[in-house]
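Questions regarding the structure given below will be posed in turn.
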Amino acid sequence: MNKQITLTIPTDWNGISLKKYLALQKELTNYAEDEDAVVAVMLETLCGLDAKYLSGLAVSDYLMLRTELSQFIGRVDHELVPIVEWNGKKWGFEPNLSKMAYGAYLDISKYDSLAIDDNWVKIMNILYRPIVEQKGTMYTTKPYDATEDNTKEMLQWGMNIHFGALFFFLHLSTDLVISIPNYLKEEDKHPHSMQILQRSGEVTKQLLTSRKGISQSSEK
């Protein structure tokens, strides 16, 4: 007996929370060597297709689903979401990275890489802080406080917000890599530039590590 199934293939990451995404990541590691199993897990998690119905799909429908899902997963046009409204509260992305609190900088620097993993929500907790004043698109956030924990809320934020923040740093790292040679040429004229680069080196390496991981994932 045939059964009609209606599936919804997501077109953006807004409806997929960080908590759900991290669970999906861990599930996929169990099937890393089995491409069909990976697709099955993603169809079940992202599209709601019960695995027991997968084998009954027509080949054309299965290939169509794979293609649509691949196009969705492969999107990289994620823009930074500067202001996040969630449950009646507003959080703002660090409004001025050049004036970021040194404690915030140190707390981010302690992570080996900037990537969507179990540590990512802790990084977001540093970058996004409650807004205390807003005028149009301009806003002021609470001073950084290492003891303030908003990670439970941020785990529920859509992945469009998390990817937007991640890709903001990936694009920033690209600009830094392009600019660094020019700074080095001016080293003799500006003796303090090398000191600045050395202090920024650890974060730059973290950004490049994250960029490499994203590229490899896209190729796969």
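Roughly speaking, what is the stretch gain from Glu85 to Leu97, that is 0.36 nm per residue apart minus the C-alpha to C-alpha distance, in nm to one decimal?
On the way: separation 12, 0.36 × 12 = 4.32 nm, distance 2.10 nm.
Here the answer is 2.2 nm.
To continue, here is another question. Listed highest first by mean packing, meaning other Cβ atoms within 10 Å per residue, what order do 79-85, 40-46 come in?
By packing density, highest mean first, the sequence is 40-46, 79-85.
While we're looking at this one, here's another question. Distance cut-off 19 Å, Cα to Cα: go down the list Lys90/Lys110; Lys20/Lys122; Lys20/Lys152; Lys19/Lys52 and report the pairs above it. Intermediate values should be presented prior to the final figure.
Details: Lys90/Lys110 27 Å; Lys20/Lys122 16 Å; Lys20/Lys152 13 Å; Lys19/Lys52 25 Å.
In this structure, Lys90/Lys110; Lys19/Lys52 lie more than 19 Å apart at Cα.
For Ile9 and Asp118, what does the FRET efficiency come to when R0 = 41 Å and r is the distance between their Cβ atoms, rounded to the nearest 0.05?
Result of the calculation: an efficiency of 0.90.
Another one. Quick one: net charge of Leu54's neighbours, Cβ under 12 Å, K/R +1, D/E -1? All intermediate terms of the calculation are to be shown ahead of the outcome.
Values: positive: Lys52, Arg66; negative: Asp36, Glu44, Asp50, Asp61.
It works out to a net charge of -2.
In addition: Could you compute the FRET efficiency for Lys135 and Tyr111, with r as their C-beta to C-beta distance and R0 at 30 Å, rounded to 0.05?
On the way: r = 33 Å, r/R0 = 1.11.
The value I calculate is 0.35.
Right, next: Apply 1/(1 + (r/R0)^6) to the Cβ-Cβ distance of Leu57 and Lys26, taking R0 = 35 Å, and write down the FRET efficiency to the nearest 0.05.
That pair, Leu57 with Lys26, gives E of 0.85.
No lab work stands behind these numbers, since they all come straight from the coordinates. No experiment lies behind these values; they were computed from the predicted model shown. Backbone-built Cβ (ideal geometry, glycine too); neighbour counts: all protein chains shown.
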